[in-house]
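Student: Please find one structure pasted underneath; my questions will follow.
The values are calculated or read from the model by the stated rules, or taken from the named source; none is laboratory data. Note that the coordinates shown come from a computational prediction; the quantities given were computed from them, not determined experimentally. Quick reminder, even Gly has a Cβ in these numbers, built from the backbone with ideal geometry, and neighbours come from all protein chains shown.
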Amino acid sequence: MIEPWVWAVILLLLGLVLAVGDIFLPSGGILAFLALCAIVGAIVMAFMESSVLGLAVLTGALIGLPVVVVLALYLWPKTSFGKRILLHVPTSEDVLPENSPRKALEELVGRVGRAKSKMLPSGIILIDNQAYDATSEGLPIEPGQRVRVIEVRGNRIVVEALGEEPPSETDVDPLARPIDWDPTDPFQSPPA
């Protein structure tokens with residue numbers, strides 16, 4: 001005949017297994033009720049045998065139940081059965097469209113263009129003959145002034161005004177210069 005303390009341990013283990021089964025199997029709470037009954041029965045049987053055994057089984061139930069449940073939740077997705085049942089978490093590459101408008105706008109950061117309209121603080125800018133809605137970083141920007149894209153906030157381009165660049169040597173019409181002007185002499189100013 002089996003000793004009563006063995007039945008208490010068997011009922012405790014059965015209760016822990018039923019608690020784990022209730023987490024993963026759709027039982028409508030029936031397995032949870034059976035797990036609770038088995039654990040309470042194990043504790044009652046153990047206390048009927050002796051108070052030391054009863055405290056041991058009670059401690060085992062109080063520590064074992066959370067440990068077994070957490071361990072089952074940790075190991076379940078790693079099993080082959082759990083991998084078939086649980087869905088994988090999608091990555092941003094799976095969810096976002098390939099040619100999102102935000103990506104196209106973020107590629108403009110650092111590019112230089114011109115303001116097409118007065119920006120108080122928002123307006124339209126041109127970059128490579130493409131018009132974009134933009135917002136200035138603070139001060140108003142006049143039409144035709146050079147701007148640089150500094151960031152993208154939401155779907156809006158943020159720009160800062162740039163000073164006008166001095167005309168390069170290739171931009172100056174060589175026929176408009178005086179004949180006696182020597183561009184190699186840095187100290188001689190062109191005659192006016």
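Student: Say we look at the stretch 45-61 and pick out the residues that are without any contact (Cβ under 8 Å) to a residue 24 or more places away in the chain and either surrounded by 14 or more Cβ atoms within 10 Å (Cβ to Cβ) or under 13 Å from Ala19 (Cα atoms) (or both); which of these is nearest to the chain's Cα centre (by Cα)?
Tutor: Filtering first and then ranking leaves Leu58.
Student: Would you list the helices (runs of 4 or more DSSP H) that sit entirely within the stretch 24-88 and hold 1 or more residues that are of a type outside the set (S, T, N, Q) and touching a Gly at 6+ places or on another chain (Cβ under 7 Å)? Show your work before the answer.
Tutor: Working: elements: 30-49, 51-75, 80-85.
Correct list: 30-49.
Student: State the number of residues belonging to the stretch 135-162 that are part of a strand (DSSP E or B), polar (S, T, N, Q) and over 17 Å from Arg102 (Cα atoms).
Tutor: Residues meeting the conditions: 1.
Student: Follow-up question, since we're still on this one. What number of residues in the stretch 1-23 are in a helix (DSSP H, G or I) and charged (D, E, K, R)?
Tutor: 1
Let's see how each residue does on (1) in contact with a helix residue (DSSP H, G or I) (Cβ under 8 Å, 6 or more places away or on another chain); (2) modelled with pLDDT of 90 or more:
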{"residue": "Trp5", "(1), (2)": "yes, no"}
{"residue": "Gly15", "(1), (2)": "yes, yes"}
{"residue": "Leu18", "(1), (2)": "yes, yes"}
{"residue": "Asp22", "(1), (2)": "yes, no"}
{"residue": "Pro26", "(1), (2)": "no, no"}
{"residue": "Gly29", "(1), (2)": "yes, no"}
{"residue": "Leu34", "(1), (2)": "yes, yes"}
{"residue": "Ala42", "(1), (2)": "yes, yes"}
{"residue": "Met45", "(1), (2)": "yes, yes"}
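Student: Taking the criterion of being hydroxyl-bearing (Ser, Thr, Tyr) and either assigned by TED's automatic domain parsing to the domain that holds Ala46 or assigned to a helix (DSSP H, G or I) (or both), would at least one residue in the stretch 124-134 satisfy it?
Tutor: The answer is no, given that none of the residues of the stretch 124-134 is hydroxyl-bearing (Ser, Thr, Tyr) and either assigned by TED's automatic domain parsing to the domain that holds Ala46 or assigned to a helix (DSSP H, G or I) (or both).
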